[in-house]
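Q: Can you keep this structure in mind? I'll have questions shortly.
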Amino acid sequence: MMKLINIAIDGPAGAGKSTVAKKVASALSYLYIDTGAMYRAITWKALQEKADLNNGEQLGQLLESTKIRLVPDEKGTEVFVDDEEVSAAIRQNEVTRNVSIVAAHEKVREQMVEAQRELASRKGAVLDGRDIGTAVLPDAEVKVFLTASVEERAKRRYEEEIQKGMDSKLDAVIEEIRRRDQLDSTRLISPLTKAEDAEEIDTTQLSIEKVVQQICRLVEERVRAT
Ligand code: CDP
Ligand code: CDP
C-alpha cells in the first residue's frame, strides 16, 4: 500500500481550493476536510443566536457547546450544526460577509485547529483553508498555495452564484472578495500567508484538471521520496 501523507491547500477565496482539494482527495481515496466550512458553521450558529461577533470569549464558549460535523458525500461535504443540516445555509451572503470576523478570534481558532488536527491525525487527508500549511499542519508532507487574480476569482464566484439563481452583481462580488482577502491576511492570529515550503500555483489561466494534475504529481514525488 502507498504511504499515507497529509496535503495542505491554502489560498484566498475563489482560488479553486475546494474544487481541486475534492478532486485530489477522490483521486487518492483520501479524506477531504473543508476547514472553511467549519468557520462558516460557527458563524451561522452565532448569527442564529444573535451573538456578538466581536466578542471572542463569547464565541469561544458558543463553539465549545456546538457540535459541528463534516460528513463526506459524493458532492463534497455535508455540514451539520447540532444535527441540523446547514450545507447550503452556510454559503449564504450573510455568513460570507461575517465569517472573517468570527474566524479572527483566538478562542475560535484554537478550538478549530485542535479539531482539524484530530481529523487529520490518521493521515491520508486533504485539508483546504487559510492556515493549514502554516498553523494547522506545519508538517504536512505536501503544501500548496493556490492564487489567482482577484478579477478571475470574483468572476468564478459570480458565475457560481448566478448558476444557483442568486441575484449577484460582479462589482459587489469583487468588493466582497477584496474585503475578505484584506481581513484574512491582516488578522493577528495565523493570517492567510504562503508557508515558506509551499508550492505556489497561480490558477488564473489554468483549468481545474491541470491544477489537480500538478498537485497529484507533487504527491507522487513526495511519496516516492519517503
Ligand atoms: O470558499 P471560500 O474561499 O469563500 O471560503 P472558505 O474556505 O469557506 O472560508 C471562509 C472563511 O473562513 C475565510 O474567508 C476565512 O476567514 C475563514 N477560514 C480561516 O480563517 N481559516 C481556514 N483554515 C479556513 C477558513
Ligand atoms: O475553495 P475556493 O474558494 O478557493 O475556490 P472554489 O470554490 O474551489 O472555486 C471557485 C470556482 O472556480 C468553482 O466554480 C470552480 O469550478 C472554479 N474554478 C475554475 O474555474 N478554474 C480553476 N482552475 C479552479 C476553480
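Q: Return the residue satisfying two criteria in turn: it lies in region 192-215 and is surrounded by 15 or more Cβ atoms within 10 Å (Cβ to Cβ) and assigned to a loop (DSSP other than H, G, I, E, B), and of such residues it is nearest to ligand 1 (Cβ to nearest atom).
A: Among those residues, the one meeting the criterion is Leu192.
Q: Name the pairs whose Cβ atoms lie under 8 Å apart, with the first residue in region 114-125 and touching a residue at least 40 places away in the same chain (Cβ under 8 Å) and aromatic (Phe, Trp, Tyr), the second part of a helix (DSSP H, G or I) and surrounded by 11 or more Cβ atoms within 10 Å (Cβ to Cβ), and 6 or more positions between them or separate chains?
A: Close Cβ pairs (under 8 Å, with a partner that is part of a helix (DSSP H, G or I) and surrounded by 11 or more Cβ atoms within 10 Å (Cβ to Cβ)) do not exist here.
Q: Given the residues Gln116, Gln111, which is the only one that is touching a Leu at 6+ places or on another chain (Cβ under 7 Å), of a type outside the set (Ser, Thr, Tyr), under 12 Å from Ala8 (Cα atoms) and not in a strand (DSSP E or B)? Before the answer, list the steps.
A: On the way: Gln111 fails: under 12 Å from Ala8 (Cα atoms).
After ruling out the rest, the residue left standing is Gln116.
Q: Let me ask you something else. Yes or no: region 121-144 includes at least one residue that is of a type in the set (A, V, I, L, M, F, W, C), surrounded by fewer than 17 Cβ atoms within 10 Å (Cβ to Cβ) and either within 16 Å of ligand 2 (Cβ to nearest atom) or assigned to a helix (DSSP H, G or I) (or both).
A: Step one: list which residues in region 121-144 are of a type in the set (A, V, I, L, M, F, W, C), which gives 125-127, 132, 135-137, 140, 142, 144.
In the following step, the residues that additionally are surrounded by fewer than 17 Cβ atoms within 10 Å (Cβ to Cβ) were identified as none.
Checking region 121-144: not a single residue is of a type in the set (A, V, I, L, M, F, W, C), surrounded by fewer than 17 Cβ atoms within 10 Å (Cβ to Cβ) and either within 16 Å of ligand 2 (Cβ to nearest atom) or assigned to a helix (DSSP H, G or I) (or both).
Q: Ok, one more. Out of curiosity, is Ala154 aliphatic (A, V, I, L, M), buried (at least 19 other Cβ atoms within 10 Å of the Cβ), touching a residue at least 12 places away in the same chain (Cβ under 8 Å) and assigned to a loop (DSSP other than H, G, I, E, B)?
A: Judged against the criteria, Ala154 is not a match.
Q: Tell me which of these Ile189 doesn't satisfy, since it passes every other one: (1) touching a Lys or Arg at 6+ places or on another chain (Cβ under 6 Å); (2) in a helix (DSSP H, G or I).
A: So the condition that Ile189 fails would be (2).
Each reported figure results from applying straightforward, stated rules to the coordinates on display, with no laboratory input. Everything numeric in this text was worked out from a predicted model, so none of it was measured. Here Cβ is always computed from backbone atoms with ideal geometry, including for glycine, and neighbour counts include all displayed protein chains.
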